[in-house]
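A quick write-up on the structure given underneath.
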Amino acid sequence: MSSKQLISTEEMLALTGVNYSTLWRWMARGDFPLARQIGGKNLRWLRQEFDEWIAGLPKHQCVHTGIKAGTPKRGRPSKITAARKRAGAARTA
């Protein structure tokens with residue numbers, strides 16, 4: 001992949017998962033690489049700058065909850081669970 005590859009507006013919206021006004025706001029604040037105007041209203045971003053932006057984003061920090069993987073969630077039982085308990089109680093009565 002060439003470092004000079006250009007990304008269209010539609011592609012950029014799909015890559016970032018945000019709408020156009022959010023991209024525009026990020027660029028205005030300096031939080032996102034600026035687009036290049038390649039004629040008329042046609043905007044393109046350099047792939048290399050986008051990749052550098054992605055690499056510079058903070059990584060998600062997982063917080064230890066004390067719950068082991070595979071442990072069922074606590075809380076209110078589902079309607080199915082409650083119905084099964086009622087059916088079991090009716091059979092034993």
For Cα pairs less than 8 Å apart in space and 6+ apart in sequence, what is the mean separation divided by the residue count of region 6-56, i.e. the relative contact order in percent? 40 percent
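How long are the three semi-axes of the equivalent ellipsoid of region 6-56, in whole Å, if each is the root of 5 times an eigenvalue of the C-alpha gyration tensor, listed from largest down?
15, 13, 11
Here, each number is a calculation from the coordinates, and none is a lab measurement. Quick caveat: nothing in here was measured; it's all calculated off a predicted structure.
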